Amino acid sequence: AVIGRYKLSVQSTSSGSSSPEALGTFVLLFNPWSPGDDVFMSNKAECEEYVLEEFGIIFAGNQHRINSFGWNFGQFQGDILNICLSMMDRSLNYRQDPATDVSHRNDPKYLGRVLSAMVNGNDDQGVVLGNWSGNYEGGKSPSSWIGSGEILQSWKKSGFKPVRYGQCWVFAAVLTTVLRCLGIPTRTITNFSSAHDADGNLRVDEFYDASGNHLNRGADSVWNFHVWNESWFSRSDLGPSYSGWQILDATPQEESGGIYQCGPASRNAIKEGDVDLDYDCPFVFAEVNADCMYWNYDPATGKKTLIFSKSTLIGQFISTKAVGRDDRVDITNDYKYEEGSRKERDIFKKARKKLGLEDKFDPTAPTPKEIEQKPDISGKFKMAGPLEVGKDLNLILALANLQPDVKTVHVNMTAWSTVYTRRPVYEIWKDSISVTLSPKEEKHFPIKISYAEYQQQLTTDNTIQITALCHVEGGIQVLVQRDITLDNPDIDIQVLGEAKVNTEVDVEVVFTNPIDTEVTNCVLQVEGNDLLRGILEIDIPPLKASEKSTTKFKVTPFETGSKHLLVNFSCDKFADVKAFKTVNV
């Protein structure tokens, strides 16, 4: 049956032609507990987590340092069901042909695709407007949200104008709320070192100038992380071996069928390299499998030289929240065979072949000669101290001579603040050194970037990319690179007493200013389903250097069970310090 709101009426046969009596309305949803349903999930604990659970954990950071934050999906709160139903009626498909659109609403693959388009504001005045510039004037910074409810309510209140602003985890979290609300089991997935392959050649090209600056050239990119969704349903169009988890992505990256939507792509199809199957498998396959090419580009001559290529960088530590616990589960093996294994390379070749890339000459691809060139030196950045906002950044550049003769190396180094997609925003620091390395020698060069140097330039993502481009005399260039995510200071939540239904309980939130200057414009935001109605916003007075702030407020729980309180603290020096606390009511 088609999901949605039905009218129910009764007509008595005995009274002849009397008009039917209206009894009211009811809403029909998908039912993952029912074996006949397309979304049937046999594991009850998974049904609880992926349909009924209103709290989630989203993983972020980068592959060297995974962090996480809580999210309030809130799919059963207030007006959310009505907003989800009206979202279906605002899609382009419904506007173009309402009868046909409604007739397909029994099909989770159809609705998943339509809703992946509706959650972003592109094309159809959908829910959230994306912004990756680092400047979020005229809206809320993407990292400031802690739940979907506020976003969906704002969209409705504004007369359905896209809410400003979101980035990938916001799109994925809102889509999770909508699909769980409609009864489709759904979860958020984080892919680290995620490729955005814009030209469909399963290769990502990145360009650097001679100084080591990362150039915004070409549409391909590698993101520190990217968040999408998996929803559980059968694929009658593809056959049973492609049923199960399906990838949907509401982040507007590339058009599909003329609009910004993505999926459903069968996860089994991605693992087996069946990229010719519906929908958008080549794009998703590239996100976890693309090969990486790093080029040196000379803007004056337009000449590019391959620095190196790597086939094992993309698609690391693919993560989701565990069922029934707040832990990370690694599902990389569900997306691909072991990196570097024969099977994995065979699947990659199979995918290239299906996309017609095997036989076609690609003038932009590196030549076999370029790929076979071996560097004379190796290098890496090592961390030599804490990675925290407010502290100086200490690193070591380690360079090693791999050859039995002396090498002279000229090194150009730069550090840029970036957004999490690695898009450079501000230059923070640069330096250059010349080095002589004896045969087989390794040398260490300390690097210090002070808090004063990066403080003004840091984006709300707390990310910095540091690059050293090494020009080896008589040899090929070597690129050394590290993406750094700085940790925010900690914030502590304590519930002072036992939480009982309809009884006030005190909550205390403690934050200590870790830096030696005053912080101002301090605001604490609190939300929690069944603990608070709406969002609590508390202004906190400025905090002097090393000063501790203790904020107390009361909550009155109105449901029993395991609930979550989420907080977000912001000030002029720290953006969006987040924490959550499990409260057993």
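The values are calculated or read from the model by the stated rules, or taken from the named source; none is laboratory data. Since this is a predicted model, take the numbers as computed values, not measurements. When we count neighbours, we look across all protein chains shown, and the Cβ atoms used for this are built from the backbone with ideal geometry, even at glycine. Ligands, DNA and RNA are excluded from the accessible area calculation, which covers all protein heavy atoms including side chains. Shrake-Rupley method; radii C 1.70, N 1.55, O 1.52, S 1.80 Å.
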| query | Taking one equal scatterer on every alpha-carbon of the chain, how large is log10 of I(q)/I(0) by Debye at q = 0.08, 0.09, 0.11 1/Å? | reply | -0.61, -0.77, -1.10
| Going down the list LYS156/LYS554; LYS382/LYS440; LYS109/LYS310; LYS382/LYS443; LYS548/LYS573, which pairs span over 23 Å between their C-alpha atoms? | LYS156/LYS554; LYS109/LYS310
| said: Need one value: the accessible area of CYS571 in square angstrom, 1.4 angstrom probe, rounded to the nearest 10. | reply: 20
| remark: Neighbours of TYR297 by Cβ distance under 15 Å: Lys/Arg at +1, Asp/Glu at -1, summed charge -3
| request: Using a 1.4 Å probe and counting only protein heavy atoms, arrange VAL102, VAL555 so the residue with the most accessible area comes first. | output: VAL102, VAL555
| Just from its helices, what would the mean residue ellipticity at 222 nm be for the chain, if runs of 4 or more DSSP H residues each count -39500 (n - 2.57) and the sum is divided by every residue, rounded to the nearest 500 deg cm²/dmol? | -4500 deg cm²/dmol
| query | Which of the aspartates and glutamates could a cross-linker bridge to LYS161, judged by Cα under 15 Å and excluding same-chain residues fewer than eight apart? | reply | ASP89, ASP123, ASP124, GLU150
| said: Using a 1.4 angstrom probe on the protein heavy atoms only, could you order ARG533, ARG352, ARG95, ARG422 from most to least accessible area? | reply: ARG533, ARG95, ARG352, ARG422
| Restricting attention to segment 99-207, which GluC sites (Glu not before Pro) occupy a DSSP loop and are surrounded by at most 13 other Cβ atoms within 10 Å? | GLU137
| message | Can you give me the accessible area per residue for segment 321-364, using a 1.4 Å probe, in Å²? | response | 67
| remark: For segment 491-584, dividing by residue count, accessible area per residue (probe 1.4 Å) in Å² works out to 48
| request: May I ask you to give the average projected area over all directions of the convex hull of the Cα atoms of segment 374-485, in nm² rounded to one decimal? | output: 6.8
| task | Measure off, as a whole percent, the carbon and sulfur share of the 1.4 Å-probe accessible area of segment 374-485, all protein chains present. | result | 48
| At a 1.4 Å probe radius, carbon and sulfur cover how many percent of the accessible area of segment 325-373? | 51
| Rounded to a whole number, what % of the accessible area of segment 1-149 do carbon and sulfur atoms account for, probe 1.4 Å? | 51
| note | In the neighbourhood of ILE535 defined by beta carbon distances under 13 Å, the net charge of the other residues (Lys, Arg +1; Asp, Glu -1) is -1
| request: Heavy atoms only, probe 1.4 angstrom, no DNA, RNA or ligands counted: give me HIS471, HIS226, HIS64 ranked by accessible area, highest first. | output: HIS64, HIS471, HIS226
| Given that compact globular proteins tend to follow 2.2 N^0.38 Å, what is the ratio of the alpha-carbon Rg of segment 63-121 to that value? | 1.48
| So how tilted is helix 342-354 from the main axis of the chain? Cα-based, degrees 0 to 90, rounded to 10. | 70
